[in-house]
1. With N denoting the number of residues in segment 1-57, provide Rg(C-alpha) divided by 2.2 N^0.38 Å, to two decimal places.
2. Which shape class applies to segment 160-202: rounded if a/c is under 1.5, otherwise prolate when a/b exceeds b/c and oblate if not, where a ≥ b ≥ c are the square roots of the Cα gyration tensor eigenvalues?
3. Show that you can apply the helix-only estimate: for the chain, add -39,500 (n - 2.57) for every DSSP H stretch of four or more residues, divide by all residues, and state [θ] at 222 nm to the nearest 500.
4. Would you mind putting 2-11, 28-37 in packing order, based on average other-beta-carbon counts within 10 Å, highest first?
5. Using a 10 Å cut-off around each Cβ, can you sort THR218, THR197, THR86 from fewest to most neighbouring Cβ atoms?
6. For segment 56-133, what D do you get in µm² per second when you plug the Kirkwood radius from alpha-carbon pairs into Stokes-Einstein at 20 °C and 1.002 mPa s?
7. Gap in Å between the Cα centre of segment 191-220 and the Cα centre of segment 106-169?
8. Take the cross-link list LYS3/LYS79; LYS3/LYS121; LYS77/LYS103; LYS12/LYS227; LYS79/LYS234 and give me the ones stretching past 21 Å between alpha-carbons.
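No lab work stands behind these numbers, since they all come straight from the coordinates. Keep in mind that what you see is a predicted model, and the values were worked out from it rather than measured. We place every Cβ from the backbone using ideal geometry, glycine too, and count neighbours over all the protein chains shown.
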Amino acid sequence: MVKIIMHGCNGKMGQVITDMVKNDDTAEIVAGIDVVDNRDNGYPVFTDIDACDVPADVIIDFAAAVAVDKLLDYSVKHKIPVVLCTTGLSEAQIAKVEEASRKVAVLRSANMSLGINTLMKLLKEAANIFAPAGYDIEIVEKHHNQKVDAPSGTALALADSINEARNNEYEYVYDRSQVRKKRDKKELGISAVRGGTIVGEHEVIFAGVDEVIEFKHTAYSKSVFAKGAVEAGKYLAGKPAGLYNMSDVIG
Ligand SMILES: NC(=O)c1ccc[n+]([C@@H]2O[C@H](COP(=O)([O-])OP(=O)(O)OC[C@H]3O[C@@H](n4cnc5c(N)ncnc54)[C@H](O)[C@@H]3O)[C@@H](O)[C@H]2O)c1
């Protein structure tokens with residue numbers, strides 16, 4: 001039985017995972033952390049992570065970027081691996097994640113779904129065919145009107161997977177309104193749409209002369225991320241220090 005601490009347990013994702021794990025014979029949530037403590041989850045909830053003294057095999061995090069520094073300190077101090085799913089981290093926080101991963105196992109993924117992680121693999125292959133042939137690459141992402149960060153961490157991760165395959169030759173462009181000039185071949189445009197209750201849509205467009213190839217992923221509910229996060233938690237429990245990602249879990 002993998003013992004999980006749920007960081008951000010009273011948020012939307014924390015609650016989906018709380019419900020999902022109730023029906024899982026191989027995992028249990030032994031404690032939750034959240035600044036809001038407004039419901040009975042069937043496990044103790046701590047409003048301050050440092051007050052949590054419950055032994056656990058792994059922490060699953062879906063909270064807020066502002067909470068990540070303290071979370072990493074806790075994970076290192078207690079030697080509990082952490083599946084870091086919160087998006088919108090600063091450059092300094094990403095550096096801190098790398099530093100922490102030298103002492104404890106850390107898996108960070110902007111998108112925990114199997115579909116997106118498979119798409120990342122496919123995009124590398126597509127980019128290596130279409131980029132040398134001169135096709136322009138653009139990403140459009142759509143999310144609900146409550147999301148605060150833009151572009152989505154997933155859009156950036158998709159862009160990164162393309163850029164890594166192409167020796168990081170692309171520069172990301174988020175806003176074309178300030179400069180009046182034609183797009184450069186080495187631009188990768190990323191656009192964000194916010195509205196309604198859209199769970200998450202990502203479209204990657206390879207546009208050539210008289211030919212357009214589009215890859216599209218749609219998440220219809222948050223359970224796709226919850227499932228991936230719980231599987232990642234089971235994978236990471238007991239793993240040595242290091243920086244892991246979802247491709248390790250998929251195998
Ligand atoms: N990686 C992925 O696949 C993936 C998928 C969905 C959401 N996310 C990200 O996960 C995060 C949470 O998403 P959500 O939809 O559940 O958001 P949410 O706002 O519903 O929940 C966040 C929870 O974190 C709590 N929280 C805020 N500050 C805290 C702190 N300092 N310490 C402890 N708890 C704190 C809030 O009280 C809230 O209950 C966001 O960054 C979101 O972008 C990632």
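1. Values: Rg = 10.4 Å, N = 57, 2.2 N^0.38 = 10.2 Å.
This ratio for segment 1-57 stands at 1.02.
2. Values: a/c = 4.17, a/b = 1.30, b/c = 3.20.
Note, shape of segment 160-202 comes out oblate.
3. Details: 7 runs with 81 residues, N = 251.
It lands at -10000 deg cm²/dmol.
4. Numbers: 2-11: 24.6, 28-37: 20.0.
The peptides rank, most packed first, as 2-11, 28-37.
5. On the way: THR218 13, THR197 8, THR86 23.
Placing the least packed residue first, the sequence is THR197, THR218, THR86.
6. Numbers: Rh = 13.9 Å.
Answer from the Stokes-Einstein relation: 154 µm²/s.
7. About 11 Å separates the Cα centre of segment 106-169 from the one of segment 191-220.
8. Numbers: LYS3/LYS79 14 Å; LYS3/LYS121 31 Å; LYS77/LYS103 9 Å; LYS12/LYS227 14 Å; LYS79/LYS234 16 Å.
Cα-Cα > 21 Å for LYS3/LYS121; rest within.
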